[in-house]
Amino acid sequence: MSSVSQLENANPVIFQRSVERLLTASDEDEEIHDPIDNREIFDLIRSINDPEHPLSLEELNVVEQVRVQVDDVGSTVGVEFTPTIPHCSMATLIGLSIKVKLLRSLPQRFKIDVHITPGTHASEEAVNKQLADKERVAAALENSSLLEVVNQCLSPRGL
Amino acid sequence: RSAAAVNCLYFGIFSLCRPCLTNSQAHTRARGVQLLSEVLLECYEELTEREVEVLIAFYENRLKDHYVIIPAVLQGLKALVSDCTVLPPGSAVSMLRSLFQDVHVQVRPTRYYLVICLPFFFLTELKGLGADFVFGFVQSMDGERDPRNLLLAFQIAKNLIRRGYNQGKFTEELFEVTSCYFPIDFSPPPNDPHGITKEELIQTLRDVLTGTPKFAEYLLPLLIEKLDSDVQSSKLDSLQTLASCVSEYEHKDLAEFLEGLWTSLRREVFQTSSEKIESAALAALTALTSCLSRSVLNSDSEDSLSAFMDLVLKDCKHHLCEPDLKLVWPSAKLLQAACSASNRATTHVYSIFVFIHDNFNYLEFFPTMSYFFPLVVPEDVNMFSDFREALCTIAFSAISESNSNLQITAASVLTSLAQQKGLLSEADIQRAVDHLCRLLLIEDDDRVSLAVVECAGTLAELHPDAFITTLIPKLKDLLLFHSEPMDQDREASEQNTHHALRQRCLSALAAVSTQPCVVKESTPVILQVLSSAHKGNQRVYVQNKGCSLWIMRFCFCFVQTRVLFLLSQSSCGFLLCVFNADRLAAQTADRLVSLFLDGDVSFLPDNSLPANICLLKVCVCVRVQSQLVCLLMACVCSLPKTLEVPQCDRLLLELEGLSCTSLHPLSYTSAAKCFAGLVNKRAQGERVLVSTVELYELDCSSSSVRTQTFTLLIWVSKALLLRYHPLTSAFTDKIFSLLDDAELGPMAADSFSLLMSDSADVLSRGCHADVRIMYRQRFFSENSHKLVQGFNAAPQGRPDKPNYLKALSNIVSKLPQQVQVTELPALLSLLLEALTCPDGGVQLSTLSCLQPVLINPPQTLIQQLEALVSRLLVLISSAQMNVRVASLRCIHTLSYFPVHEVLPFRARVLRALAKPLDDKKRLVRSEAVIARGEWFLLGSPGGR
């Protein structure tokens, strides 16, 4: 973040966005209970903006549906994200954005675990530790400049 | 008068007569006898047996006298025998003897009269006379030429035979003396006073000749001989006599003449000159065969039936083998005639099929095969079963050929076979249905498809299951999923072929839809086809001129099978398009109107409707015929304005009656709609019916037909509203006034939705209704204040208060958005009120009205933000999913309000929105996520 003018990964590989979830008949049936599933969690986070590029995390393949694990009954969500390069300094910020998005969008009962896909980042352990620490996350969101960046990541694009 | 006095009188008369009776002049004697006879005629009942005996002796004696006296003598005798009670025994016999011996030709009528009368009374006595009597009779009638006498003579002969007189050795003589008149050739002179006809003579003579099997050996050769004659009437008489005589005969009477008879009969059929003779010959053959089948065989006698049938079959088979096939049809007729005589004969005849199957290139012969069907339906299917295989093989191989004649015949053969209950196995039926399907799809010869459709129709009635599982899915597949080739490069002929195919499939579908279970399957297909036709891509075949007729038949079929529910309003739209596309709309309308008004069913071919059906009358039966009025509606309401609806005034009157009295919802609704459709198109200035009396029904809360009357009111209001009719407000005000009605209030509120929306089946531009532009806006701007007033005037807590809100939301939600945005601020307080209304429908329509307004919130709304937010937050926990979604969308939109206005609500909204994040419906959750995300960004760094 220190050298914003100099992009760390100037030429990222861009991935195709997945199609919108199809509406099924059971979705419209009042009586049926729709469980929260992997795709629903993925839909929450895939549109988060990358702090560096005007692209979504999905387009950069930072988040993938297969790396989302949810247990609706057990109220746990696990998300693994993959920084585009192993030395990416944005990894913590991206993780924070994902975590905040999930905190705002999921019922309080959920325990949310966000971490880096094992073996994809140099300081994987440190970042994971930061993201798992409730106190540090809360403190980070008190920091208005950090909150501003997070909010930018979470703002719907095109507005 | 005492007996003595009578005796005295007789004595006196005799004394008076004596000089006359003994006079030498014959004429004088005749006068004396006549006087005596006339006296006897007057008072014979007074005579004693002794006196009668004397008188009979006297008269018998007189018979020998001069011929002038004879009539008077016979008259006397007639008087004496009229009362038989006192005739002394033996006198009848002696009288007859004298009659036969002494009386001469000239006076025969009276003589015969006696002969006829006497046997009736003295049967036992005359039997003793036996052969003598027969002989006397034969002698006396020999050479007779007078038709009157002949008629009497034949009657006597008939009685002789019927009563079993011993004919002794005179049988042949009796036959000879009567049969010499056969065949009767008699034409009565003009103005014949006796009125004897040829038919009478023929019939009585036939009765004589056919009366006893004893005549068989004489009669049959005679008949064979007469059959050879060239005279038509003689042939006919002989054939009829033959048919009638065999009913008395047994096989042994016939045995030796069978061959001769068959030769003659065969000749009459093969070389027939007149239809009458042919049918008489066939009838005779039937009678003959049935006689042979009936006879009881002795152990040693040969089976004359099988001998005869062999004879018949041999000749018929011979003709089947002739290359020109000329005599196949007559042969078939002969076999049919024989077949109808008895089951045993039928079995013999059916062996012909095995013959055809085994020995013959039957396909060449096959086209004439249908002549053998329907051979008479056997009572016992088992009899047929021996030949089932041969028949099926023939039929199935014929239907597989490409020759269209063969296919047609095979279809009709299969039809006849299938009609024999239990004859064809399931597998055979399945095979037949498969063949029919195949022909339907590939064969475009009109005659073939007609035969196939007909066959399918008959089969479906008897074996619906096979059609449900095979034919209907195939047709459905073809009709719905093989859309027509739209490719421009394709040749026109190919397109035509495609249309013909669809047409065939449709008519097959209609033909098989006779049983309820089939109709249940075929109806959805038809409706789907109609709906795709509705979309316009298949206009071409909908425009076929017979189409509407066909649809109507289909609908009547529905009614008869009680599945009209499938034909509810929605499908009416399709019907409407069909009627619309029909170039013969006027004619169809004409027919339909006369069907509905006058019960004229003549234009629906082979319908099973009762004559004089009353379709517009209220009835209480299960099959509510009056619901067919939706058909009438589809037709007359879609007529272009240039065409006048026939008998419109009368129709309106009947429809009004039906709509106000029927208890059946579809009936009275359709009648009301039809009425409205007609009213909408009435020329300006013409009387709009709806008598005010009917509207009074609405004011009378105890009336049983308020719902019906109200339905009519709504539809008429709509009809008038659409055309800006000056009377509109009178009707709509009535609806407004009903909003606080305890019973009709909710219905009145709902009715605004109907008033404001387009209906598909009636009162639309599609059916040429008179629809002015912007009628909704006009209605809204003219009437919205009434709702506000009504709402404000209604006391708080009244159950009818929500009706106003509902009515309002019904009206507003149908308005175009631009109008909503400009008009709503005035109604805002009412809309906010509507959000608290417990009715989910009202909530939803209010929310959908509000959302577009929220995007550019008017100042008045911002002033009521507190009320708005709290009401919306209540609704996000509504029981209805779509209300939750709609309220969340509104809350989302609220986040775009000026920040300083909404920021105070941020914490509260975020708290409230945590709950729908865990909603059980994903759609609700995703709306909640979006809304909450936005509210988080509100007033936050990096946000908004």
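The table below lists the values:
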| item | result |
| --- | --- |
| Cβ-Cβ under 8 Å pairs, at least 6 apart or on other chains, region B:583-601 side open to solvent by less than 60 Å² (accessible area, probe 1.4 Å), far side of a type in the set (Val, Ile, Thr) and modelled with pLDDT of 70 or more | B:589/B:636; B:589/B:645; B:592/B:636; B:593/B:636; B:593/B:645; B:596/B:629 |
| Test: residue in region A:20-29 that is within 13 Å of chain B (Cβ to nearest Cβ), surrounded by fewer than 19 Cβ atoms within 10 Å (Cβ to Cβ) and in contact with a Leu (Cβ under 7 Å, 6 or more places away or on another chain) | yes |
| Any chance residue B:406 is under 20 Å from residue B:509 (Cβ atoms), in contact (Cβ under 8 Å) with a residue 24 or more places away in the chain, open to solvent by less than 70 Å² (accessible area, probe 1.4 Å) and not acidic (Asp, Glu) | no |
| Filtered residues of region A:150-159 (kept if surrounded by fewer than 19 Cβ atoms within 10 Å (Cβ to Cβ), facing chain B (nearest Cβ under 9 Å) and not polar (S, T, N, Q)) | A:156, A:159 |
| For residue B:11: the one exception among (1) at pLDDT below 75; (2) surrounded by 13 or more Cβ atoms within 10 Å (Cβ to Cβ) | (2) |
| Checklist (1) within 11 Å of another protein chain (Cβ to nearest Cβ); (2) aliphatic (A, V, I, L, M); (3) open to solvent by less than 10 Å² (accessible area, probe 1.4 Å) applied to residue B:885, failing item | (3) |
| Complete set of residues in region B:896-918 that are out of contact with any Pro (no Cβ under 8 Å at 6 or more places or on another chain) and at the interface with chain A (Cβ under 9 Å from one of its Cβ atoms) | B:910, B:915 |
| Boolean, residue B:924 is more than 8 Å from chain A (Cβ to nearest Cβ) and open to solvent by 10 Å² or more (accessible area, probe 1.4 Å) | no |
| Among the residues listed as B:460, B:432, the single one being open to solvent by less than 10 Å² (accessible area, probe 1.4 Å), in contact with a Phe, Trp or Tyr (Cβ under 7 Å, 6 or more places away or on another chain) and at pLDDT 80 or above | B:460 |
| Selection within region A:88-147 - closer than 22 Å to residue A:36 by Cα, away from chain B (no Cβ under 14 Å) and in contact with a Ser or Thr (Cβ under 8 Å, 6 or more places away or on another chain) | A:111, A:113 |
| Selected residue [buried (at least 17 other Cβ atoms within 10 Å of the Cβ) and touching a Pro at 6+ places or on another chain (Cβ under 9 Å)] from B:853, B:821, B:869 | B:853 |
| Flag if residue B:934 is surrounded by 20 or more Cβ atoms within 10 Å (Cβ to Cβ), more than 15 Å from residue B:885 (Cβ to Cβ) and more than 7 Å from chain A (Cβ to nearest Cβ) | yes |
| Among the residues listed as B:458, B:415, B:469, the single one being over 23 Å from residue B:389 (Cβ atoms), β-branched (Val, Ile, Thr) and in a helix (DSSP H, G or I) | B:469 |
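The values are calculated or read from the model by the stated rules, or taken from the named source; none is laboratory data. Everything quoted here is computed from the prediction, not taken from an experiment. For neighbour counting, all protein chains shown are included, and Cβ atoms are generated from backbone atoms with ideal geometry for every residue, glycine included. When the accessible area is computed, the model is the full protein with side chains, heavy atoms only, and any ligands, DNA or RNA have been set aside. Shrake-Rupley method; radii C 1.70, N 1.55, O 1.52, S 1.80 Å.
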